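Report on the structure given below.
The values are calculated or read from the model by the stated rules, or taken from the named source; none is laboratory data. Quick caveat, the model's predicted, so the values are computed rather than measured. In this analysis, Cβ positions are derived from the backbone assuming ideal geometry, glycine residues included, and neighbour counts consider all displayed protein chains. These area figures cover heavy atoms from the full protein model, side chains too; ligands, DNA and RNA do not enter into them. Shrake-Rupley method; radii C 1.70, N 1.55, O 1.52, S 1.80 Å.
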Amino acid sequence: MIDSTLVLISLQALVVAFLALHDWIPLGSLNDLDAVQAADSRAKLVRTTLLSTVPYAIGFVASVLYARTGFPSWLRWWLWISYGALVYGMVRAWWLPYFFVNDRVRAERYRRMFEHTHSFMPERNGIRPNTLHVIFHVAVLAVVALLISAL
């Protein structure tokens, strides 16, 4: 049987790697660095990368440190709050506009940033979630599912 703590830590590592690297390293058809870096200044990308990565990196490192002894309550709270905020952000940024809200400005920004990336989903409301973001969102939801199962 697979240890759920090991799976949780592995998924956290994937989330941190995505947040830290997806706008900076080429991943073939999964990302388009030129388009992303044309949409936002380098300074803004650095700030955004740091602000979005640090809380999850802290949770990841603490999870590794406490994996053998059990997660203290502050770490459980940290993970719940940070991943809850992440789910809120991804629903607000991707899935509400995709399914329900016709946001032409967001759709145009996403088109410019992601039109040359791989996607297996059909376009809705001018948005096609790309494969890399879908993988990331599935990993985040899996973290949340593991946190729920740990209750």
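Could you tell me which residue of segment 5-22 is most open to solvent (accessible area, probe 1.4 Å), considering only residues that are assigned to a helix (DSSP H, G or I) and not hydrophobic (A, V, I, L, M, F, W, C)?
Per the criteria, the residue is Ser10.
Filter segment 104-141 down to the residues that are over 17 Å from Ala35 (Cβ atoms), aliphatic (A, V, I, L, M) and either open to solvent by less than 30 Å² (accessible area, probe 1.4 Å) or in contact with a Ser or Thr (Cβ under 6 Å, 6 or more places away or on another chain) (or both) and list them by number.
Val134, Ala139, Val140
Evaluate the following for Ala43: is it of a type outside the set (Val, Ile, Thr), under 27 Å from Trp74 (Cβ atoms), without any contact (Cβ under 8 Å) to a residue 60 or more places away in the chain and part of a helix (DSSP H, G or I)?
no
Given the residues Ile148, Ile81, which is the only one that is without any contact (Cβ under 8 Å) to a residue 12 or more places away in the chain and more than 15 Å from the chain's Cα centre (by Cα)? Write out each step before concluding.
Numbers: Ile81 fails: more than 15 Å from the chain's Cα centre (by Cα).
Being without any contact (Cβ under 8 Å) to a residue 12 or more places away in the chain and more than 15 Å from the chain's Cα centre (by Cα) holds for just one of Ile148, Ile81, which is Ile148.
Spot the failing condition for Ile2; the list is (1) of a type in the set (A, V, I, L, M); (2) within 24 Å of Pro129 (Cβ to Cβ); (3) open to solvent by 70 Å² or more (accessible area, probe 1.4 Å), and only one is missed.
(2)
Kindly provide the set of residues from segment 23-40 that are of a type in the set (D, E, K, R), touching a residue at least 24 places away in the same chain (Cβ under 8 Å) and open to solvent by 70 Å² or more (accessible area, probe 1.4 Å), ordered by number.
Passing the criteria: none in range.
With the condition kept exactly as written, say whether any residue in segment 85-99 is aromatic (Phe, Trp, Tyr), in contact with a strand residue (DSSP E or B) (Cβ under 9 Å, 6 or more places away or on another chain), without any contact (Cβ under 8 Å) to a residue 60 or more places away in the chain and open to solvent by 60 Å² or more (accessible area, probe 1.4 Å).
Yes - at least one qualifying residue is present in segment 85-99.
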